[in-house]
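Some notes on the structure that comes next.
No lab work stands behind these numbers, since they all come straight from the coordinates. Predicted, not measured: the structure shown is a model, and the values here were computed from it. Cβ sites come from the backbone with ideal geometry, for glycine too, and all protein chains shown count toward neighbours.
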Amino acid sequence: MRNPVVQLERTGCGIASVAALSGRSYPEMKAIADSLGIFAYDRSLWSDSSHVRRLLAAVGLQAAPGEIPFSSWDSLPDLALLAIKWRLEKGRSFWHWAVFVREENGQSCVLDSREGLRHNVRTDFGRMRPRWFIRITAGGAGKSPE
């Protein structure tokens, strides 16, 4: 089972999600993000998937091209980045990043980085409303996901 990583900044959900996927801490992933010119205070982390895709590539994880509309929990791949809490603000879409994990035994959960949650490993699927997802696979470089 992967471990959730709690975001240490209000806008750090993308950084925390990639940290969880790669088995890193938030400060370690934030340092990688900073070195790539990706900063947690940049609100475009909530409305553009390119930053998270660059972080994934930097730690050796591959993201499938494009975003796939969510249809059901059963149709998700074993590992995916989810766009939840999707909304429009002044004509621009925003969302919260979370990680979907399906284990070999068939059990599934969502690793939600939001600070203040009672449990960052979530199984309350009926309460989450994913809009779309990105399939994640292991790549060749960096620390492999565990």
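Out of everything in the stretch 1-47 that is assigned to a loop (DSSP other than H, G, I, E, B) and small (G, A, S), what residue ends up being surrounded by the fewest Cβ atoms within 10 Å (Cβ to Cβ)? Even if it seems obvious, please write down each step before you answer.
Applying the first criterion (assigned to a loop (DSSP other than H, G, I, E, B)) to the stretch 1-47 yields 1-12, 23-25, 36-42, 47.
Okay, now just the ones that are also small (G, A, S), so 12, 23, 25, 37, 40, 47.
Details: G12: 25, G23: 15, S25: 13, G37: 9, A40: 20, S47: 16.
Across the stretch 1-47, the extreme among qualifying residues is G37.
Can you name the residue in the stretch 120-133 that is outside any strand (DSSP E or B) and without any contact (Cβ under 8 Å) to a residue 60 or more places away in the chain and, of all such residues, is surrounded by the most Cβ atoms within 10 Å (Cβ to Cβ)?
Applying the first criterion (outside any strand (DSSP E or B)) to the stretch 120-133 yields 120, 123-131.
From the residues that got through so far, the ones that are without any contact (Cβ under 8 Å) to a residue 60 or more places away in the chain too are 123-129.
Values: T123: 12, D124: 10, F125: 14, G126: 7, R127: 8, M128: 18, R129: 12.
The qualifying residue surrounded by the most Cβ atoms within 10 Å (Cβ to Cβ) is M128.
For every residue, the table says whether it meets (1) more than 26 Å from L8 (Cα to Cα); (2) among the acidic types (D, E); (3) in a loop (DSSP other than H, G, I, E, B); (4) within 14 Å of the chain's Cα centre (by Cα).
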residue: Q62; (1), (2), (3), (4): no, no, no, yes
residue: W73; (1), (2), (3), (4): yes, no, yes, no
residue: L81; (1), (2), (3), (4): no, no, no, yes
residue: R87; (1), (2), (3), (4): no, no, no, no
residue: H96; (1), (2), (3), (4): no, no, no, yes
residue: N105; (1), (2), (3), (4): yes, no, yes, no
residue: C109; (1), (2), (3), (4): no, no, no, yes
residue: R118; (1), (2), (3), (4): no, no, yes, no
residue: R135; (1), (2), (3), (4): no, no, no, yes
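Pick out the one residue from V101, V6, V18, V110 that is touching a Cys at 6+ places or on another chain (Cβ under 9 Å), within 23 Å of M128 (Cα to Cα) and β-branched (V, I, T).
V101
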